[in-house]
1. Filter the stretch 1-19 for residues that are modelled with pLDDT under 95 and not in a loop (DSSP other than H, G, I, E, B); which is nearest to L67 (Cα to Cα)?
2. Name, by its number, the condition in (1) in a helix (DSSP H, G or I); (2) touching a residue at least 40 places away in the same chain (Cβ under 8 Å); (3) open to solvent by 50 Å² or more (accessible area, probe 1.4 Å) that does not hold for N100.
3. I'm trying to understand the selection: among the residues of the stretch 25-49, which are touching a helix residue (DSSP H, G or I) at 6+ places or on another chain (Cβ under 7 Å) and modelled with pLDDT under 95?
4. Within the set of pairs 6 or more residues apart or between chains, which connect a residue that is in contact (Cβ under 8 Å) with a residue 12 or more places away in the chain inside the stretch 40-55 to a residue that is assigned to a loop (DSSP other than H, G, I, E, B) with Cβ atoms less than 6 Å apart?
5. What number of residues within the stretch 130-152 satisfy the criterion of being modelled with pLDDT under 85 and open to solvent by less than 90 Å² (accessible area, probe 1.4 Å)?
6. Within the stretch 37-94, take every residue that is part of a loop (DSSP other than H, G, I, E, B), small (G, A, S) and under 19 Å from E24 (Cβ atoms) and give me the one that is most open to solvent (accessible area, probe 1.4 Å).
7. Of all residues in the stretch 106-129, which are modelled with pLDDT of 85 or more and in a loop (DSSP other than H, G, I, E, B)?
Amino acid sequence: MADSPSLTIALTGATGMLGRVLVEQILGAGHAVRALARSRTGRVLPQRAGLTWVDGSLDDSSSLDALVDGADCILHAAYCDMNESPPEGRTSAAHFVQTNIVGTLGLLERTPATSSGQLVFVSSLAVYGHDPHGAASTSELALDEDFPVWPEEFYGAHKAALEKMVI
């Protein structure tokens with residue numbers, strides 16, 4: 001365990017590619033993870049010391065309340081894909097907006113309730129698209145909050161909009 005005091009991190013996206021790595025890193029550093037997971041028939045969530053699963057979704061207020069309750073900070077790595085099947089009665093576009101945009105807003109509203117008042121938002125290189133300034137590769141550039149965004153598809157534009165909202 002880490003020498004520093006243990007934190008409880010509220011994590012979205014814990015079952016995703018990046019989220020699984022984040023869970024391992026956070027637990028490995030001696031901290032606890034409270035992870036939001038959507039219900040899926042037949043899915044078995046890994047059980048580990050320090051890992052607590054909250055059943056729910058980003059677009060459900062009670063799920064977000066349970067996720068954030070007692071957390072020290074929020075790490076938001078979840079993303080609802082446009083190709084994900086929406087719940088009955090909701091279009092794909094409405095589901096995308098409700099889950100990603102409204103869900104992120106719900107987390108922002110709950111951030112002051114964490115002990116640190118901190119939310120870390122995981123974005124994507126897709127916000128930059130191809131470099132509009134002609135650099136051979138964005139890997140050769142320092143990419144920070146001041147670097148111009150130039151998304152070329154909906155995913156990157158959505159992430160860029162969420163970055164502005166979070167900031």
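The values are calculated or read from the model by the stated rules, or taken from the named source; none is laboratory data. Values in this document were obtained by computation on a predicted structure and should not be read as measured data. Please note: Cβ atoms are built from the backbone with ideal geometry, for glycine as well, and neighbour counts cover all protein chains shown. Surface accessibility is based on the protein's heavy atoms, side chains included, excluding ligands, DNA and RNA. Shrake-Rupley method; radii C 1.70, N 1.55, O 1.52, S 1.80 Å.
1. G19
2. (3)
3. R48
4. Hits for this filter: W53/L45; D55/S39.
5. 13
6. The first filter runs over the stretch 37-94 and keeps only residues part of a loop (DSSP other than H, G, I, E, B), leaving 38-50, 56-60, 69-72, 77-91.
Restricting the remaining residues to those that are small (G, A, S) gives 39, 42, 49-50, 56-57, 70-71, 77-78, 85, 89.
From what is left, the residues that are under 19 Å from E24 (Cβ atoms) are 49-50, 71, 77-78.
Working: A49: 96, G50: 39, A71: 3, A77: 23, A78: 19 Å².
Filtering the stretch 37-94 for residues that are part of a loop (DSSP other than H, G, I, E, B), small (G, A, S) and under 19 Å from E24 (Cβ atoms), the one most open to solvent (accessible area, probe 1.4 Å) comes out as A49.
7. T114, S115, S116, G117, V122, S123, S124, listed by residue number.
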